[in-house]
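Take a look at the structure set out below.
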Amino acid sequence: MSIENSFSLEGKTAWVTGASYGIGFAIAQALHEAGASIVFNDIGQPQVDKGIAAYKEAGIPVHGYVCDVTSEDAVNATVAKIEKEVGVIDILVNNAGIIKRIPMIEMSAADFRTVIDVDLNAPFIVSKAVIPAMIKKGGGKIINICSMMSELGRETVSAYAAAKGGLKMLTRNIASEYGEFNIQCNGIGPGYIETPQTAPLRERQADGSRHPFDQFIIAKTPAARWGTTDDLKGPAVFLASAASDFVNGHVLYVDGGILAYIGKQP
Ligand code: NAP
Ligand code: GCO
C-alpha cells in the first residue's frame, strides 16, 4: 500500500461523538478531508441542527443524530439507525466530554458521577455498541479522546482526572481484548486546547492581563502556546487510518511537550 493510500479513509464511515463544535468538529473535518463519511451526535435537536449548519458552512456533508451518549438505549438505537441509514461504523471517535471544576471535598457525589458517566461510562457504552459490527466487517478503529489528566492531576478536576485516567486504561483494555479482530483502539491526549471547554481558563482579567492559568500553561508548554483544534487533525487521521494498523493501546499526546517539560523558571 502506498504511503498516501495508507492515510486514506475513502469508503469509511466515521462517528465522532459530541462533535457539534470544538475538538470533535475539527477531528470530523479532518476525517472528512481524508475521505470518510461523517456521522456526529449531540444531546438535543437544536444542538444537532446548529452542528449541521456549521458543517454545511464548512462544506462537509454529515449525518447528525440526537443521542445522549450516557444512555445505553439511546446509543444502541442510534447505532442501529446509523448502520441502516449510513453504514457500519468503521471509525469511532469517543470525543463527547464534560468537566466540572470543583474542589473535591466540595463536589457532590452526583456531580462526580455525572462527569464519570459522560467521560468514562459513555465511551464504554458506545464502544460496546459498535465493536460487534466492526468484528463482522473484519476490523475497525476506536479513538478515545483522553487528556493531560490521563497522566496528571490538578486542583478542582478530580472527577475529570479519574475519568480520563480510566479512559486511558479502557483504551488499553479494548486494544487487548479486540486486537485479534483487527480492531485498533488508541487514545489522543490533547494538551491545553482553545475550545469552549477551556474558555474560562483563558478569560482576560479586568485589567486586560492574561488569566493566571493562561500564563501558567504558556510557561508549562515548550511550544509556549495553547493548542488549537487544528493541531489534532493529523494525529486523528493517522490513528483512524491504515497507517496505524500496528499501533494499538497507545495514547498519542498532542500537548506541545507539556508532559516532557518541568516548566519555564519564573
Ligand atoms: P467542548 O467544547 O465542551 O465540547 C464537548 C462536546 O461534547 C459538546 O459538543 C457537547 O455537546 C458534547 N457532549 C457533552 N456531553 C454529551 C452527552 N452526554 N452526549 C452527547 N454529547 C455530549 O469540549 P472540547 O474542548 O471540544 O473537548 C472535546 C473532548 O476533548 C472532551 O472529551 C474533552 O474532555 C477532551 N479534551 C479537551 C481538551 C481541551 O483543552 N479543550 C484537552 C484534552 C481533552 P453540548 O454542546 O450539547 O454540551
Ligand atoms: C483543566 C482543563 C484540562 C483540559 C484538558 C487538558 O481544567 O485542567 O480543562 O482538563 O480540558 O483535559 O488535557
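Computed from the coordinates by the stated procedures, all read-outs in this text should not be read as laboratory data. For clarity, every value in this text was computed on a predicted model and none was experimentally measured. Cβ: placed from backbone, ideal geometry, glycine included. Neighbour counts: every protein chain shown.
At a glance:
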{"quantity": "Test: residue in segment 135-142 that is more than 11 Å from ligand 1 (Cβ to nearest atom), in contact with a strand residue (DSSP E or B) (Cβ under 8 Å, 6 or more places away or on another chain) and in a helix (DSSP H, G or I)", "calculated": "yes"}
{"quantity": "Criterion: in contact with a Leu (Cβ under 6 Å, 6 or more places away or on another chain), closer than 29 Å to Ser6 by Cβ and away from ligand 2 (no atom under 11 Å from the Cβ) - qualifying residue of Ile131, Ile143", "calculated": "Ile143"}
{"quantity": "Flag if Ile125 is in a helix (DSSP H, G or I), under 17 Å from the mean Cα position of the chain (by Cα) and within 16 Å of ligand 2 (Cβ to nearest atom)", "calculated": "no"}
{"quantity": "Residue check for Ala30: more than 10 Å from ligand 1 (Cβ to nearest atom), under 18 Å from the mean Cα position of the chain (by Cα) and in contact (Cβ under 8 Å) with a residue 24 or more places away in the chain", "calculated": "yes"}
{"quantity": "Close pairs from segment 90-103: first at negative phi and without any contact (Cβ under 8 Å) to a residue 60 or more places away in the chain, partner in a loop (DSSP other than H, G, I, E, B) and within 13 Å of ligand 2 (Cβ to nearest atom), Cβ under 7 Å, at least 6 apart", "calculated": "Ile102/Thr156; Pro103/Glu155; Pro103/Thr156"}
{"quantity": "Number of positions in segment 172-226 that are surrounded by 16 or more Cβ atoms within 10 Å (Cβ to Cβ), outside any loop (DSSP other than H, G, I, E, B) and small (Gly, Ala, Ser)", "calculated": "3"}
{"quantity": "Odd one out for Ala159 among (1) closer than 20 Å to Leu120 by Cα; (2) in a loop (DSSP other than H, G, I, E, B)", "calculated": "(2)"}
